[in-house]
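These notes are about the structure you will find just below.
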Amino acid sequence: SAIPNYALFIPNLLNNGHNTNHNTSDLWLANFVNTWFLDRPFMSNSVLFITFDEGIRANGYSADGTHIVGGNVYTVAISPYSIGVRPSSDPYTNQSSHYNLLSTVEWLLGLGSTGNFDNSYFPAMTGLFNFSVYKPYPASPYSWTQVTTSPAPSPRSMPAMAYDPVDGYVVLFGGHTFTTMYSDTWTFVNGTWTKLNIAAPNHPSARRGAMMTYDTACQCLILFGGTAMSGSVNDTWEFAGGQWTNITSLVGHAPPGRRVGGLVYDTAANELVLFGGHNGTSS
């Protein structure tokens, strides 16, 4: 595939490629970097910086590709926005350093200066890029908005949470603090939390780290496991129409109890897939 525009600049620090040689560097670039070029998101809106660290005994070696070479710290900037071949008058051809690279990343991402070596000493290498048509990291049409609503679930960690497309709301169950384990069920829709009044034992026991996802086959949410007050559990619950149903006896042999595993629905196989987790002593 065609390699995107790239820019190679050589700092004037007169260090070498960390006691390696040009052939080794070329082999690494050929075997690994070209694979990344096939990735569409990379091709459309990315910048890749490749640097070679400084080493010792930099002077007196021949840069013939076989010996340990002296010279400079090489840095390659590859991006759809890179200018590519630049005039020799470009200041970054003659003088730059890893601090310029840091300033460049801050500039590309719109970050503030770290304050250690700011742009007044090592400015961003804006001459490497051309944004006359494209801009780095274009503004997303989406944004975060903090929603303040009352009532709302109390602060907690490790609740189970999933979206129910049939009933049209997000469901939150359980979680814990350092002193409390929760068994409450909440729904969230149109910016409003609603606590469901479901009496025990018609809901899962209090727990943290339960796994929950939407099951297309049953058009319901499935909750599995977690860590309860008694330890790891492996019961299975179904949630639909605002009601919990314990289906543990219907699922046959269930995985051992665990928390914070990965649970997703495979639409091709029409089945749930669970991977990993932790039972308190092992993963």
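Points worth noting:
- Candidate set: the range 255-283, residues that are surrounded by 10 or more Cβ atoms within 10 Å (Cβ to Cβ) and aliphatic (A, V, I, L, M); chosen: the one farthest from the chain's Cα centre (by Cα): 272
- Residue 158 touching a Gly at 6+ places or on another chain (Cβ under 6 Å), on the phi > 0 side of the Ramachandran plot and at pLDDT 95 or above: yes
- Positions within the range 93-109 being small (Gly, Ala, Ser) and either at pLDDT below 70 or farther than 11 Å from residue 124 by Cβ (or both), in sequence order: 96, 97
- Residue satisfying all of: in the range 169-179; modelled with pLDDT of 95 or more and either out of contact with any Pro (no Cβ under 8 Å at 6 or more places or on another chain) or outside the structural domain of residue 265 (by TED's automatic domain parsing) (or both); surrounded by the most Cβ atoms within 10 Å (Cβ to Cβ) among these: 171
- Note on the range 214-235: residues that are of a type in the set (S, T, N, Q) and crowded, with 20+ Cβ neighbours inside 10 Å amount to 1.
- When 235, 184 are checked against the criterion of being more than 19 Å from residue 154 (Cα to Cα), touching a Pro at 6+ places or on another chain (Cβ under 9 Å) and in contact (Cβ under 8 Å) with a residue 24 or more places away in the chain, a single residue qualifies: 235.
- Filter result (under 16 Å from residue 235 (Cβ atoms) and in contact with a Lys or Arg (Cβ under 9 Å, 6 or more places away or on another chain)) within the range 153-211: 160, 173, 174, 181, 183, 185, 207, 208, 209, 210, 211
- Of the residues making up the range 166-182, those that are of a type in the set (A, V, I, L, M) and touching a strand residue (DSSP E or B) at 6+ places or on another chain (Cβ under 7 Å) are 170, 171, 172, 181.
- Residue within the range 217-226 that is part of a strand (DSSP E or B) and either more than 28 Å from the chain's Cα centre (by Cα) or free of Cβ contacts under 8 Å to residues at least 40 places away in the same chain (or both) present: yes
- One residue stands out among those in the range 201-216 that are charged (D, E, K, R) and under 19 Å from residue 264 (Cα atoms): the one that is farthest from the chain's Cα centre (by Cα), which is 215.
The values are calculated or read from the model by the stated rules, or taken from the named source; none is laboratory data. Note that the structure is a prediction, hence the values are computed from the model and not measured. Positions of Cβ are backbone-derived with ideal geometry, glycine not excepted, and every protein chain shown enters the neighbour counts.
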